[in-house]
Every structure is written in structure tokens, then in C-alpha cells.
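Heads up: the structure comes next, in C-alpha cells.
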Amino acid sequence: MHERSRQLFEASQRVIPGGVNSPVRAFQAVGGTPVFFREGKGAWLVDVDGNRYVDYVGSWGPMILGHAHPEVLSEVASAAARGLSFGAPTELELEMAELITTSLPSVEQVRLVSSGAEAVMSALRLARGFTGRSLIVKFEGCYHGHSDFLLVKAGSGALTFGNPTSAGVPAEMTSKTLVLDYNDPQQVEDAFRRFGPEIAAVVLEPVAGNMNFVRPSQEFHDTLRRLCTEHGSVLIFDEVMTGFRVGAQGAQGVFGIRPDLTTLGKVIGGGMPVGAFGGRRDIMARLAPLGPVYQAGTLSGNPVAVTAGLATLKRVLAPGFFDTLGKMTTTVVEGLVREAGLAGIPFCATSLGGMFGLYFRATVPTTFAEVMTSDKEAFNRFFHAMLRRGVYLAPSSFEAGFVSAAHGPAEIEATLSAARESFAQVRAD
Ligand SMILES: *Cc1c(COP(=O)(O)O)cnc(C)c1O
């Protein structure tokens, strides 16, 4: 059923390293051949062999309105007809900045970039420039893009500095990054007691979506906010995934936290390359051309990309959008739990807004270590069983899932009937 995908993957591997332009697409975690897609419409994807799938990846988050939304496409087409790029300011960028700053009260000023990784990298430089300090605190299992300082895992002890997780990153680059356990307030207390005056920034996913889906405690958030304030460190919420995805005010709205800086991406581009970082006016004032922290981009604020983002955000910010999306997501997740229960499979799931986690274990994990104890083999069998039955899940048990506004009762029905057979097959294998 995947003949053409297999041929294309073969050919791609000759001219593209691993056949893909971003590693997780290669299906290494689940095995088998990645599916090559031809088109998408609403909640559905069609692959190059003509198979149809209900999509729960949504391009890893951006496609919150579903694929090829007609009005978004028509706005993008008009923008493209007016010119693809000017390298000079446009009214669209002002509109986007006003939309972001009115939606997120913590963001007083914002700068647009072209990816999530670029947004976080720039926010960290700004935090260091603002504080005049070098140390960064991050958390195991949180992903912030592929920049050198952030490709790091914990050192040998809780309060030792990190080691690179990628070849090509000199140890010096990660020697200023402290990697702590997510959702462990005590470790953060200890780190600040020891290094407080040297900590430039604490960066985290305020709901983690790159180690499956992990919702931290309110105490964790409150502790981070209090310690950063006490020590003059910059609290950075990396909301590249959660921004305009878990709620209209992102995770900061859900937890009632005012971060100093926020990074955005994914949904704010609606499927085109847009990222952003913003926050306190006094911090943003340190950025070039006003201040000494340099940051720039030829295609930053690109008019076509920003149009796709604006067209998406306006619909996402309509009253009731997240109520409906949240209910749809809950229905999917509860249905999956019910089907797994009927099949007698240890399984649980949870969601927030249009984002969810599926776990092949008995209870919802709250730490990276707990996520790591889920049954990866069971997930992989389930993944392939669902794929054969026309449901496209993220090809790894360490990724969050996404529901779009285009998912409705018909898609849920198709998903749950596929799940019934797939869970039965997982048990039988
Ligand atoms: C996806 C993601 C990034 C990286 O964004 P890119 O657009 O892939 O560079 C950074 N942080 C988080 C939390 C993400 O989910």
C-alpha cells in the first residue's frame, strides 16, 4: 500500500541525508518507510499512493485549522500576488505584532523571525545581553530547536553542567547550560541557591510536548517565577508549540504566569515559516537597532508567511474556538482510553486545548523518567496498525499529538474504529 512512498524514499536517500529534511520524519523510532504526502484537506492527508489518513500530526502543530483552509489560502494567494519579499517593513508585521501583544499580556514588544529554533536562540542571547550573565537553566526532555547551547543533556550530577547531545557541538558551548529534571521544584531551588547570581535565564516548555506530553505542576511554575524574580534572571516560556494551541493565551494563560520573554512559532505561521520572541519592554529594548544585542534576518516578517499566520490566528482567536477544539480533543482521547481498556492494554491519555499525549503505561507521566518507562514496542505496533487503517499519528512515542478545528465526529469515528482493531492487534502480537 506504500509502493510509491518506498520508491521515493529510496531515491531521496541518494540525494538527501537519510532521505529527509528533519530527522523525526525518517520513521527511525517506529521503523518502516516514511509516508510521502501529496496533499491535505481539512483533517485528512492523502499520500502519494492515494491512501487517505486522519491526521494527528498537523505538521507538528501549525495546522490548527486543518490543511488547505480555503480562506487562508485565498489570503495567502493575494499576498503572494503583491510580492514575495521586500526586506523592508510592511503593515502586516505591525498587524501581527499588535495581535500577539494584545493576546499575550506578558508580551509588550515582539520581533518576528522565521523558525522556532531561531526565536529561542535569539531570546537566550537577549537574556544574556540584558543580564550580563552567562548561565542558562533548561530541563531534560524539553526541546528548544537545534542551536548549540541547547543540544545538551544533564551532566554527571544534578548540579553539574551539561554535555552536548550532538556531534559538532564543542563542550564549551554547553558548559554554561545547567540541565535539571522537569517538574522538580526542589532542584530549581538548589540550582538558584548555588548559582543564582550567575543565571541569565531559565527556559522551558511550559507544557512539555517534545517528550510526549507532560503537564507540569502549578508549584513548579510558581517556583520558577518566584526564583527568577528574586535573582533577576529572565524566565523564558518557550511557547513555540503551546502558543495559540493549548488556549488563546498559551500555557501562560493556563497557569497564570507572566514570563519575562516568550517564544512562538508553529501556529503563528499557520504552516509557513514564522517564529517570534517577545516580552518585557525593558528587555526587548536591548535588541538592535535600539540596543547592543544583535539579531537580524533577511526574510524575517516575510509578507506571505505573515499573511498565513494572521489568517490563521484571527480564526483561532474567535470566541469559543478553544472550547470546541478542547472538547473535540477530549473526545478523541477518552475514546482511545476506552478502546484500550476494552482490549485490556495498559494505556492512558490526556490533553490540553488541541494538544494531547498517548502513553502505553497505566498512569499519566509527570516526569521525563516516567515517560521513558512507557512501552515503546507497544506504541510502535499501534502506530503501524493505525497507519494501515488510515490514521496518521506522530512516528514516535515521544511526541505530542494535535487535533485541528477540521476534526469532527466523522474523523473521530474513523479514528476510534481503527483504534479498536489496532489495540486488539497490539494485544495479539
Ligand atoms: C518545534 C519547537 C521548536 C523549534 O521550532 P522550529 O520551527 O522547528 O525551529 C522550539 N521549541 C519548541 C517547544 C518546539 O516545539
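The values are calculated or read from the model by the stated rules, or taken from the named source; none is laboratory data. The structure presented is a predicted model; accordingly, all values stated were derived computationally and were not measured. Don't worry about glycine lacking a Cβ; one is built from the backbone with ideal geometry, like all the others, and counts go over all protein chains shown.
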*Given Ala117, Ala97, Ala77, which one is surrounded by fewer than 21 Cβ atoms within 10 Å (Cβ to Cβ) and more than 25 Å from Gln249 (Cα to Cα)?*
Ala77
*Among the candidates Gly83, Gly50, which residue alone is away from the ligand (no atom under 16 Å from the Cβ), of a type outside the set (Val, Ile, Thr), farther than 23 Å from Gly275 by Cα and out of contact with any Gly (no Cβ under 7 Å at 6 or more places or on another chain)?*
Gly50
_Filter pass, Ser122 being within 16 Å of the ligand (Cβ to nearest atom), closer than 16 Å to Leu151 by Cβ and in contact with a strand residue (DSSP E or B) (Cβ under 8 Å, 6 or more places away or on another chain)_ = no
*Assuming Ala248 fulfils every condition listed in (1) within 16 Å of the ligand (Cβ to nearest atom); (2) under 19 Å from the mean Cα position of the chain (by Cα) apart from one, which condition is it?*
(1)
*asked:* Pro216 - would you say it is over 21 Å from Leu325 (Cα atoms) and surrounded by fewer than 24 Cβ atoms within 10 Å (Cβ to Cβ)?
replied: yes
*Is at least one residue of region 204-220 acidic (Asp, Glu) and away from the ligand (no atom under 16 Å from the Cβ)?*
yes
*How many residues are surrounded by 24 or more Cβ atoms within 10 Å (Cβ to Cβ) and touching a Ser or Thr at 6+ places or on another chain (Cβ under 7 Å) if we restrict to region 120-132?*
2
*Considering only region 339-377, how many residues are assigned to a helix (DSSP H, G or I) and either of a type outside the set (A, V, I, L, M, F, W, C) or surrounded by fewer than 20 Cβ atoms within 10 Å (Cβ to Cβ) (or both)?*
9
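Is at least one residue of region 103-116 over 25 Å from Thr242 (Cβ atoms) and either assigned by TED's automatic domain parsing to the domain that holds Ala285 or more than 16 Å from the ligand (Cβ to nearest atom) (or both)?
Looking through region 103-116, none of the residues is over 25 Å from Thr242 (Cβ atoms) and either assigned by TED's automatic domain parsing to the domain that holds Ala285 or more than 16 Å from the ligand (Cβ to nearest atom) (or both).
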_Checking Leu135 against (1) of a type outside the set (Asp, Glu); (2) surrounded by fewer than 20 Cβ atoms within 10 Å (Cβ to Cβ); (3) more than 14 Å from the ligand (Cβ to nearest atom), only one condition comes out false. Which one?_
(2)
*Residue check, Ile236 against (1) under 24 Å from Ala405 (Cβ atoms); (2) within 15 Å of the ligand (Cβ to nearest atom), all met but one. Which one?*
(1)
*Pick out, from region 224-326, the helices (runs of 4 or more DSSP H) lying fully within it that include 2 or more residues that are among the charged types (D, E, K, R) and over 23 Å from Arg133 (Cα atoms).*
303-316
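Can you tell me which of Lys314, Lys327, Lys266 is basic (Lys, Arg) and without any contact (Cβ under 8 Å) to a residue 60 or more places away in the chain?
Details: Lys314 fails: without any contact (Cβ under 8 Å) to a residue 60 or more places away in the chain; Lys266 fails: without any contact (Cβ under 8 Å) to a residue 60 or more places away in the chain.
Step by step, each of Lys314, Lys327, Lys266 is checked, and only Lys327 is basic (Lys, Arg) and without any contact (Cβ under 8 Å) to a residue 60 or more places away in the chain.
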*Name every residue in region 129-147 that is touching a strand residue (DSSP E or B) at 6+ places or on another chain (Cβ under 8 Å) and farther than 16 Å from Ala201 by Cα, in order of residue number.*
Gly141
*asked:* Please go through region 150-177 and give me each residue that is crowded, with 23+ Cβ neighbours inside 10 Å and within 16 Å of the ligand (Cβ to nearest atom), ordered by number.
replied: Leu150, Val152, Thr177
*Which ones in region 91-123 are within 13 Å of Arg286 (Cβ to Cβ) and in a helix (DSSP H, G or I)?*
Ser122, Ala123
